[in-house]
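The structure appears below as structure tokens.
No value in this document is a laboratory result; all are computed from the given coordinates. Note that this is a predicted model, so its numbers are computed, not measured. When we count neighbours, we look across all protein chains shown, and the Cβ atoms used for this are built from the backbone with ideal geometry, even at glycine.
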Amino acid sequence: MPKSIECVDWPDRLDVWTPYSMAVKASGGTPVFFAGVTAAPPYHHHPHRPEEFDTLPGDLPSQTRMALENMKKSLEAVGATFRDIVFFQFFSTTMEGAAEAGAIRREFFGDHRTATTTLQVVRLATDPRCLVEVNAIAIVD
């Protein structure tokens, strides 16, 4: 069965563009799960060493771009693109700069809509300077 990804919208939905869909129906293909993607170097020591996070920018938009660049590399490693993502989670310790971060997200996703959750959290597990972490599920051929 060939892969199919379809946004399922309510019949009476408002005619507005949103970066997410309430439901995404996927069939065919293989699910690939991505978790814990931040702006930090993807391969760092555990337990964490603070000096490995010294180069992180201190703002949400910059860290969003870096996290999505890291996500792009992981997608490419499995032969996928952002258009293959069906579910996306965005965790942030701040909402300051959220509009700019949303615009950066659209640069990567374009008009492709995923089932999405955006959450503000107190802290991420990596380093207190990490402001954003993303998870995703993609369907690949």
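Can you pull out the trypsin sites (Lys or Arg not before Pro) in the stretch 1-37 whose DSSP state is coil and whose Cβ has at most 13 other Cβ atoms within 10 Å?
Here the sparse-neighbourhood loop sites are Lys3, Arg13.
List the trypsin sites (Lys or Arg not before Pro) within the stretch 65-130 that DSSP assigns to loop and that have no more than 12 neighbouring Cβ atoms inside 10 Å. Intermediate results must be reported in sequence, preceding the final value.
Details: sites: Arg65, Lys72, Lys73, Arg83, Arg105, Arg106, Arg113, Arg123, Arg129; in loops: Arg113, Arg123, Arg129.
Passing sites in the stretch 65-130 are Arg123.
Points 7 angstrom from Cα along the Cβ direction at Ala99 and Thr118: gap in nanometres?
Inter-label distance under the simple model: 1.2 nm.
What range in the chain is the longest one free of chymotrypsin sites (Phe, Trp or Tyr not before Pro) that are in a loop by DSSP and have at most 15 other Cβ atoms within 10 angstrom? Write down the numbers at each step before the final one.
Details: sites that count: Trp17, Tyr43.
Excluding the exposed sites themselves, the longest stretch runs over 44-141.
Magnitude of the Cβ-charge dipole of the stretch 1-107, K/R +1 and D/E -1, about the Cα centre, nearest 20 debye? Write out the running numbers ahead of the final one.
On the way: 10 positive and 14 negative charges, 76 e Å.
That gives a dipole near 360 debye.
Which value results when the Cα radius of gyration for the stretch 87-138 is divided by 2.2 N^0.38 Å?
Numbers: Rg = 11.4 Å, N = 52, 2.2 N^0.38 = 9.9 Å.
Dividing the Cα Rg of the stretch 87-138 by 2.2 N^0.38 Å gives 1.15.
Suppose only helical runs count, i.e. DSSP H with n ≥ 4. What mean residue ellipticity at 222 nm does that imply for the chain under -39500 (n - 2.57) per run, divided by all residues and rounded to the nearest 500 deg cm²/dmol?
Details: 2 runs with 30 residues, N = 141.
So the calculated ellipticity at 222 nm is -7000 deg cm²/dmol.
What lysines does Lys3 reach when the alpha-carbon gap must be under 21 Å and sequence neighbours fewer than 8 apart in one chain are set aside?
Filter leaves Lys25, Lys72.
Take the Cα of Val8, step 7 Å along the line toward its Cβ, and report every residue of the stretch 106-141 whose backbone nitrogen sits under 19 Å from that point.
Correct set: 113-117, 137-140.
Helix 60-77: angle to the longest alpha-carbon principal axis of the chain, degrees 0 to 90, nearest 10?
With rounding to tens, the tilt is 60 degrees.
Compute the long axis of helix 98-109 from its Cα atoms, compare it with the longest principal axis of the Cα atoms of the chain, and write down the angle in degrees, 0 to 90, nearest 10.
For 98-109 against the chain, the angle is about 60 degrees.
With bins 5 Å wide starting at 0, give me the P(r) of the chain over every alpha carbon pair, in whole percents.
2, 10, 19, 21, 19, 14, 9, 4, 2, 1, 0
Please find, in a Gaussian network model of the chain (springs between Cα atoms separated by less than 10 Å), the residue of Ala77, Ala115, Ala103 whose mean-square fluctuation is greatest.
Ala77
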